[in-house]
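No lab work stands behind these numbers, since they all come straight from the coordinates. If you're wondering where the values come from, they're calculated on a predicted model, not measured in any experiment. In this analysis, Cβ positions are derived from the backbone assuming ideal geometry, glycine residues included, and neighbour counts consider all displayed protein chains.
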Amino acid sequence: NLSANLPKEVQDAIIAKGVSGLIITAGGSDIAIGMDLAALQEMNRQANGNVNLTVTRMNNATLAGNARAAIGNRPVFDIKANYGSGKQVQNFGAGSVSITIPYTLSANENAGNIQAVYVEANGRVQWLISSVYDGLNGVLRFSTNHFSTYGVGYKQDVPSFADIGTHWAKEDIAFVANRG
């Protein structure tokens, strides 16, 4: 879990100095949130006050429908930027937010099949095809323009190719095919 307070004065100072980006991590955790200047400006505009960023690990048993099938027992997090009395920053406009979630592959998982998923309120998922699993650091990286519920999904090889079983580029071909 991660929780960070961004007082209005700090937001204003970062924006006034033209800082190109901000990365927030929790001590002892590999969870990280990075925001570019445009995202910081939009957050500041919407909140016009102190903001509390939270990343909370969710109980996978609460997932429904496609989300349960896509995520299984892999990590899923609720990510929020709260301000005022229960209000939330809705989006980051033209800005971009990068998120890093720690994840260790299980023995039967292929790194190319790991993708971030956005879980909608009704349990449907959207696969984030631009996400990437970094096996060297054991993290899933993706970018978004809004906070919500995100998880580590596993997409089975689709389509299956019968002629690449021993080909040197088998993993690369499967990676590209899984991302459409």
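Which one is right for this structure if Rg/Rh (Cα atoms, Kirkwood Rh) is calculated from it: [x] 1.06; [y] 0.96; [z] 1.02?
[z]
Under the rule a/c < 1.5 gives rounded, and otherwise a/b versus b/c splits prolate from oblate, where does segment 94-137 land using the Cα gyration tensor? Provide the component values of the computation, followed by the final result.
Details: a/c = 2.35, a/b = 1.36, b/c = 1.73.
Oblate, because a/c is 1.5 or more while a/b does not exceed b/c.
What do you get for chymotrypsin sites (Phe, Trp or Tyr not before Pro) in segment 72-129 restricted to DSSP loop and a cutoff of at most 15 other Cβ within 10 Å of the site's Cβ?
Values: sites: PHE77, TYR83, PHE92, TYR103, TYR118, TRP127; in loops: PHE92, TYR103.
Of the chymotrypsin sites (Phe, Trp or Tyr not before Pro), not one in the loops of segment 72-129 has a Cβ with at most 15 other Cβ atoms within 10 Å.
Give me the one-decimal nm value for the distance between modelled label points at SER96 and ASN108, 7 Å along each residue's Cα-to-Cβ direction.
Taking the simple label geometry, SER96 and ASN108 are separated by 3.6 nm.
Show which aspartates and glutamates lie in cross-link reach of LYS170 when reach means a straight Cα distance below 20 angstrom and same-chain residues fewer than eight apart are skipped.
Answer for LYS170, where 20 Å is the Cα cut-off: GLU109, ASP134, ASP157, listed by chain and number.
Mean 1/r over all different Cα pairs, inverted: what Kirkwood radius does segment 73-172 give, in Å?
Details: mean 1/r = 0.0654 Å⁻¹.
For segment 73-172, the Kirkwood estimate is 15.3 Å.
Counting just the Cα atoms, what span does segment 71-122 cover along each of its three principal axes? Round to the nearest Å and put the largest first.
That gives 45, 23, 21 Å along the principal axes, largest extent first.
Tell me the mean residue ellipticity at 222 nm calculated for the chain from its helices only (DSSP H runs of n ≥ 4, each -39500 (n - 2.57), averaged over every residue, nearest 500). Could the numbers behind the result be given before it?
Working: 4 runs with 36 residues, N = 180.
Per the formula, -5500 deg cm²/dmol.
Between ASP163, ASP12, ASP36, find the one with the highest GNM mean-square fluctuation for the chain; connect C-alpha pairs within less than 10 Å.
Highest fluctuation of the listed residues: ASP163.
Would you work out the charge dipole size for the chain about its Cα centre, treating the Cβ of every Lys and Arg as +1 and the Cβ of every Asp and Glu as -1, and quote it to the nearest 20 debye?
Working: 13 positive and 13 negative charges, 89 e Å.
The calculation lands at about 420 debye.
Scan the chain and report its longest stretch carrying no GluC sites (Glu not before Pro) that are both in a DSSP loop and have at most 16 other Cβ atoms within 10 Å. Write out the running numbers ahead of the final one.
On the way: sites that count: GLU109, GLU120.
It works out to 1-108.
Give the residue from GLY135, PHE77, LEU22 lying farthest towards the positive end of the charge dipole for the chain; charges sit on Cβ (+1 for Lys and Arg, -1 for Asp and Glu) and the dipole is referred to the Cα centre.
Checking the options against the dipole of the chain, the answer is PHE77.
Tell me, in nm to one decimal, what length is gained between ILE24 and LYS8 on full extension, where the rule is 0.36 nm per residue of separation less the Cα-Cα distance?
Details: separation 16, 0.36 × 16 = 5.76 nm, distance 1.61 nm.
Extra length available between ILE24 and LYS8 comes to 4.1 nm.
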